[in-house]
Amino acid sequence: MIGDPLVLALAMVGVMFVLLLSSTWIGFSLIGTGIAGLLMYDLNLPPTLSIWDKIGDLLANSMWNSMNSWALSALPLFVFMGEILYRTAISTKLLNGLVPWLTRIPGRLYHINVVACSLFAAVSGSSAATTATVGKITLDELTKRGYHKSLALGSLAGAGTMGFLIPPSLIMIIYGVLSDTSIGKLFIAGIIPGLILALLYSLYIISQSLLHPEYVPEEQEASYSWGQRLGLLREILPVFLLIALVLGGIYMGITTPTEAAAIGVVGALALALYFRNLTWESFKEACLAAVRTSAMICFIIAGAAFLSQIVGFVGIARALSEYIASLHLSPYVLILVIGIMYLFLGMILDGISIVVMTLPIVLPIVVQAGFTPLWFGIYLVFMVELSQITPPVGFSLFIIQHISQQDLPTILKATFPFFLIMIFMAVLVTLFPELVFYLPAKMVGG
Amino acid sequence: MERLSRFVEGLCTAGAFFSALFMIGIVILIMIEVVMRSLFNTSTMITSEFSGYFLVALVVLGLGHTLHHEGHIRITLLRGRLGPVGRKRLDLVVGSLGLCLCLFALYFTVLMVLDTRSLGMRADTVAETPLWMPQAVIPVGLGLFALQLFAFLVRRARS
Amino acid sequence: YGAAMKMNCNAIYPASNFHTQGAEHFAELVHKYTDGDIQITVHSGGSLGFEGSELLKAVKDASVPMSDILMGVVAGSEEIFGLSTYPRIVSSYAEARELYEAALPAYKKACQKWNQKFLYAAPWPPSGLFSQSKVQSAADIDGLKTRTYDKNGAQFLKKLGGNPVSMPWGEVPSALNTGLIDSVLTSATSGKDGKFWEVLDHFTALHFAYPLNMLTINMDYWNALSAEQQSALEKAAAETESFQWEASKKSNRDSLKVLEDNGLRITEVDAALAEKLDAAAADIFEEFKAEADEDTKKALQAIGM
Ligand code: NA
Ligand code: NA
């Protein structure tokens, strides 16, 4: 029996590590850690109650309560939309439309990941869906044309995570619900940091191609006249149409952010039917693939919900926040400490679990230190983005590994510079919070 | 054994099929809500409630199918360094643990559903849905998941 | 069973909410009256994983030893708990208190049935209508797109020709901004917290309802306490109850003032509108009575409703 919550926290982290590293499925690892935590803790139950009944009740409740969620129901829809788009010509058209615009910039087609991800991020709510959809089109194409794989892989990993930062964003929806922050404002607030991040990625690609000319293959793309470029622009039109549909619906007061995902699905289906390249077979495969991804993510979420319930019961959250509060850190140091904590958590957990698990502990501390929930939401999105590309559990890494068939160390090495750029961006947002507040302040009644 | 494996796979595919239907169901519910609100200025009052129920069904019914397609993530960093025998042993241990946890959850979700039903609990919504109905799908899904975990153990034991 | 006992108390609202603060107040009093023998830790924001219609069952099974419960939310488990959510059955704090005291035996009995001990209850400030345009007559409600928080609110507005919309509280500000909804049925306190004056101009004090929150403790935990400890808890509960009723009144007054200071115009309901509102409300209550189960019917008769 362990009485001190902080000691118990360490013991639970130990159990979690053993379970995770023993290759237990993540959902089960989290559930197992929670059970171990309750067994180690002296709960002070009245004699009439059994500890196993209590654990079982909590587990059943968290399976039901964590998934019976309106906000979360947008997740499978965003995944579904990505699967439909991937299986139709819309994605190839996007590539055709973008290529002519990139041939004159140093680094040429390396920028395709950044641009395509930025665009896709504006229709897709998750980084996983963005990375998967764009990566499946671009990686093959770049290798075929002789581009260096390292920069291609890295830029995909980095840019793909913008799916969470540029609206619509699943993480922001979940954060908004948990923290009672306006989801509309969060969406708007992510735009400027998102665009700057894309710009930084592009600058890095330009500098690398100037420093290492051998990374960029000899000119082989035909040069395009302005007429051709504009003509080919209509190839991107379907994607713009989707963006207008999804975001326009939200900001014209037709749909709520949660509902926008359904509009996206219907829009993607309509486009696929219009271009006549959605077969019954590929539709079925899109459905099942979306089911698998959603079940995988939500099983982890249910496990995380159970674990965070236990963390609440045994008082770890309280002890930790009291401990951090007792350190009397200055606001910037506090944000630094929290950032390091998130980097660590981000290695072993996925983004959504991180948000769900830590928010009840961290948000009050952060608000106490003078930060607004809106700003912290954007900061948290950066932390979640980082978690997507840190091993051993990094959803974007898994996806890229799956698409590119490269081994993990190669992908990690390629991703590292973009990881650093993301950290730089998180620092920038902390030092210049106006980057976050500027657009939301312009909103009606902001 | 081969027959068991195929039987379980068939059940889980059927589960995934229903999952997909629930996913499409969410899309349809939301579209009806959006159309009714913007064209007829009225609301179904059930969309947010039923979307939640559908999500539960989508997830739990898809668990087994996802396991079969190796869709559930696990960290293979150390596992990858073991030899085939070590891997097999590790999988048997980990699979048994998963099966135990799944059966544990299954037992208590059955109790939850029975309790919710006998207590006559309803949602605090316009529909006043009896809560045991949307909850009942959880043990079904966990049952499929447990079968698939069992099949995984059998497959690994015989490999 | 040891002398010092620790108990977790689940609170569904954030730490800043006055119901959560009431639970904290109760915990402090208990600590004081038991000389630190009983330590209650209040977990705010539903962070223990319980927040809705499952709360009555959660306390019954001791998944949480104690919880703050919005009574209307568990009306699906026990009808009588929905009583305070019916529209316009009371129209002032005094009347709300009278009704509460009359219904108290029924509440206590229902709690007992669910293996828990009723400790105290206190009301939310009365809900009214926040809107863009002034609401003076029933005709002004016709066509409003209003976010409501429960089925009674939805039925009530529908009867008056409005278009109730259900959506999570977190989506309300952006929905008001984009025009998805143009009005909200809620308390002055919630309207103040949501800074509604940024988008809306009017608050009509409908005195729609004074919904109650209660604090209950699992009966096994309760029975494990000594007689002394039990009376200490009862004393703390009684004091917290009076404290919370005052806090609710004060919160309502202060919030109305903040709303007014920020330019929101506050309208009381005139006789003509009141008549229309009462007619709609009476329909809903009659339906409730007609469909109620035997226990609820008896309880209502005992109150004289
Ligand atoms: Na996005
Ligand atoms: Na990670």
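The values are calculated or read from the model by the stated rules, or taken from the named source; none is laboratory data. Only a predicted model underlies this, so the values are computations on that prediction, with no experimental measurement involved. Here Cβ is always computed from backbone atoms with ideal geometry, including for glycine, and neighbour counts include all displayed protein chains. Protein only, heavy atoms only, side chains kept; ligands, DNA and RNA dropped before computing areas. Shrake-Rupley method; radii C 1.70, N 1.55, O 1.52, S 1.80 Å.
For the reader, a short list of remarks on this structure follows.
- Only listed residue being in a helix (DSSP H, G or I) and within 15 Å of ligand 1 (Cβ to nearest atom), chosen from A:THR143, A:THR131: A:THR131
- Annotation note: of A:GLY303, A:GLY339, the sole residue that is within 26 Å of the chain's Cα centre (by Cα) and either of a type in the set (D, E, K, R) or within 27 Å of C:PRO168 (Cβ to Cβ) (or both) is A:GLY303.
- C:THR178 vs. criteria within 14 Å of chain A (Cβ to nearest Cβ) and under 17 Å from A:ILE254 (Cα atoms): yes
- For the residues C:GLY72, C:GLY52, C:GLY76, the requirement of being assigned to a helix (DSSP H, G or I), over 22 Å from A:LEU43 (Cβ atoms) and within 14 Å of chain B (Cβ to nearest Cβ) singles out C:GLY72.
- Being open to solvent by 30 Å² or more (accessible area, probe 1.4 Å), under 19 Å from the mean Cα position of the chain (by Cα) and either more than 14 Å from chain C (Cβ to nearest Cβ) or over 30 Å from C:LEU70 (Cβ atoms) (or both) holds for only one residue in B:LEU61, B:LEU147, and it is B:LEU147.
- Some residue of the stretch A:145-167 being within 14 Å of chain C (Cβ to nearest Cβ), crowded, with 24+ Cβ neighbours inside 10 Å and more than 16 Å from ligand 2 (Cβ to nearest atom): yes
- Within the stretch C:220-278, the set of residues being within 14 Å of chain A (Cβ to nearest Cβ) and assigned to a helix (DSSP H, G or I) comprises C:ASP220, C:TYR221, C:TRP222, C:ASN223, C:GLN229, C:GLN230.
- Reported count of residues in the stretch A:290-305, each being open to solvent by less than 10 Å² (accessible area, probe 1.4 Å) and more than 9 Å from chain B (Cβ to nearest Cβ), is 2.
- Taken together, the residues in the stretch C:246-304 that are open to solvent by 60 Å² or more (accessible area, probe 1.4 Å) and out of contact with any His (no Cβ under 7 Å at 6 or more places or on another chain) amount to 29.
- Within the stretch A:44-63, the residues that satisfy the criterion of being assigned to a helix (DSSP H, G or I) and either more than 7 Å from every other protein chain (Cβ to nearest Cβ) or surrounded by fewer than 23 Cβ atoms within 10 Å (Cβ to Cβ) (or both) are A:ILE51, A:TRP52, A:ASP53, A:LYS54, A:ILE55, A:GLY56, A:ASP57.
- From C:LEU200, C:LEU215, residue being within 10 Å of another protein chain (Cβ to nearest Cβ), among the aliphatic types (A, V, I, L, M) and open to solvent by less than 30 Å² (accessible area, probe 1.4 Å): C:LEU200
- The residue pairs whose first member lies in the stretch C:160-172 and is open to solvent by 20 Å² or more (accessible area, probe 1.4 Å), whose second member is not in a helix (DSSP H, G or I), and whose beta carbons are closer than 6 Å, counting only pairs six or more residues apart or on different chains, are C:GLY161/C:ASP142; C:ASN163/B:ASN41; C:ASN163/B:THR42; C:ASN163/C:LYS145; C:SER166/B:MET45.
- Residue list for the stretch C:255-305, restricted to those being of a type in the set (Ser, Thr, Tyr) and at pLDDT 90 or above: C:SER255, C:THR267
- Here the stretch B:79-126 is the region considered, the condition is being in a loop (DSSP other than H, G, I, E, B) and touching a helix residue (DSSP H, G or I) at 6+ places or on another chain (Cβ under 6 Å), and the residue that is surrounded by the fewest Cβ atoms within 10 Å (Cβ to Cβ) is B:THR125.
- Every residue from the stretch C:180-222 that is within 28 Å of A:THR181 (Cβ to Cβ), touching a residue at least 60 places away in the same chain (Cβ under 8 Å) and β-branched (Val, Ile, Thr): C:THR189, C:VAL199, C:THR204
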